[in-house]
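The values are calculated or read from the model by the stated rules, or taken from the named source; none is laboratory data. Since this is a predicted model, take the numbers as computed values, not measurements. So basically every Cβ, Gly included, is an ideal-geometry build from the backbone, and we count neighbours across all protein chains shown.
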Amino acid sequence: MATTAPQHTDVDGVDGGIGLTALLVATARAIETHRHDSLARDPYAEHFVRAAPACAGWPVRIDQAPDGDDNPLWGRFARYFGLRTRVLDDFALRSVRMGARQVVLLGAGLDTRAYRLEWPSDCAVYEIDRPGVLEFKHRVLLDLAATPKVKRVPVPADLRHDWVTALTTAGFDPALPSVWLVEGLLFYLPGPAEKYLIDTVDRLTTRGSALAFEAKVEKDLNRYHDSPTYTATREQIGIDLLHLFDPGPRPDSAADLVTKGWSTSVHTPFDFTHRHGRGPLPEPDGVKDALEGNRWAFAHKPRP
């Protein structure tokens, strides 16, 4: 990998709206990468941050953030993304060890798992996202002379439209076991769209497949408007996550999968903080905790 960062790039589809959150996550992964006790290392993350004009001045190391780890955004919230990255890395790698050879990243954003994880040689990683996001990622990685460690298949498609045809045309085979990661996506979708997406994953998977996704259980997001995390995100980088999250009722996708024959488990992020000994802990009493309603769900479609 080249050691110099690419020049600033125009970022169609990344420098605004929900796409900007992909850069927020990349920044968190960069900060996590440089920690001495890092849970997940992504050497490409800081290059995405430096290539996007919208991120000028954002930190890529915790000592560059105001107040360091005490910063609600770049400390605790970034730790959350670092932990989430590690947990989903582990889930995907376990799934391919169990026989899945197709990995599908729904709303892939600036994910670099195809470049940084050790996959079986016969795997394929399908990255579905809007064309502008994938093109930005391609340009940055091309400037770095980065090489994927597995067959990487970009699938430029808007999840609001016919992404299934795009995925199967790109080579995905529903008859073979697959593992799906839905990371940082469902919060933004209306409930019916989430249900359609989960139903579609069920339809496109055979036995031996697996799915991990992130969900929220809060019924009133507005009560978290003045939480330290969301306040810091608005004030420091101008992203109002609560405005981007869909405010409508949420389906219970984990329970719906059980009715379809999947086995599921649902955890809080704090469960994995305790498991790894690193990551965010619940806020003290009296502090509105933006993470308390987050859930990570893991589902398997059992083999016969």
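When you look at Arg79, is it closer than 27 Å to Gly293 by Cβ, in contact (Cβ under 8 Å) with a residue 40 or more places away in the chain and among the basic types (Lys, Arg), yes or no? Yes; evaluated as a whole, the condition is true for this residue.
Among the residues of the range 29-38, is any closer than 21 Å to Asp129 by Cβ and modelled with pLDDT of 95 or more? Yes, that holds for at least one residue. For Leu204, all conditions in the list (1) over 23 Å from Phe91 (Cα atoms); (2) touching a residue at least 12 places away in the same chain (Cβ under 8 Å) hold save one; what is the number of the exception? Status for Leu204: all satisfied but (1). Against the test of being buried (at least 18 other Cβ atoms within 10 Å of the Cβ), touching a Phe, Trp or Tyr at 6+ places or on another chain (Cβ under 9 Å) and free of Cβ contacts under 8 Å to residues at least 60 places away in the same chain, the options Leu241, Leu211, Leu221 yield a single qualifying residue, Leu221. For the range 38-49, name all the residues that are surrounded by 23 or more Cβ atoms within 10 Å (Cβ to Cβ) and not in a loop (DSSP other than H, G, I, E, B). The answer is Ala45, His47, Phe48, Val49. Output yes when any residue across the range 202-217 is under 19 Å from the mean Cα position of the chain (by Cα), among the aromatic types (Phe, Trp, Tyr) and over 14 Å from Pro190 (Cα atoms), and no when none is. Scanning the range 202-217, I find at least one residue that is under 19 Å from the mean Cα position of the chain (by Cα), among the aromatic types (Phe, Trp, Tyr) and over 14 Å from Pro190 (Cα atoms), so the answer is yes.
Just checking, how many residues over the range 119-136 are out of contact with any helix residue (DSSP H, G or I) (no Cβ under 7 Å at 6 or more places or on another chain), under 21 Å from His47 (Cα atoms) and not small (Gly, Ala, Ser)?
Qualifying residue count for the region: 6.
Residues that are small (Gly, Ala, Ser), within 18 Å of Asp89 (Cβ to Cβ) and touching a His at 6+ places or on another chain (Cβ under 9 Å) within the range 27-53 comprise just one, Ala30.
Against the condition aromatic (Phe, Trp, Tyr), crowded, with 17+ Cβ neighbours inside 10 Å and without any contact (Cβ under 8 Å) to a residue 60 or more places away in the chain, how does Phe187 come out, does it pass? Walk me through it before giving the result.
Working: aromatic (Phe, Trp, Tyr): yes; crowded, with 17+ Cβ neighbours inside 10 Å: yes; without any contact (Cβ under 8 Å) to a residue 60 or more places away in the chain: yes.
In short, yes.
Take the conditions (1) surrounded by 13 or more Cβ atoms within 10 Å (Cβ to Cβ); (2) more than 21 Å from Arg223 (Cα to Cα); Thr268 misses just one of them, which is (2).
Within the range 50-95, being of a type in the set (Asp, Glu) and closer than 26 Å to Ala297 by Cβ holds for Asp89, Asp90. Give me a count of the residues in the range 50-81 that are assigned to a loop (DSSP other than H, G, I, E, B) and either at pLDDT 95 or above or exposed (fewer than 14 other Cβ atoms within 10 Å of the Cβ) (or both). Number satisfying all stated conditions: 10. Against the criterion of being in contact with a helix residue (DSSP H, G or I) (Cβ under 9 Å, 6 or more places away or on another chain), touching a residue at least 12 places away in the same chain (Cβ under 8 Å) and more than 19 Å from Ala210 (Cβ to Cβ), Trp163 qualifies.
All of (1) among the β-branched types (Val, Ile, Thr); (2) out of contact with any Leu (no Cβ under 6 Å at 6 or more places or on another chain); (3) closer than 25 Å to Leu23 by Cβ hold for Val258 with one exception: (3).
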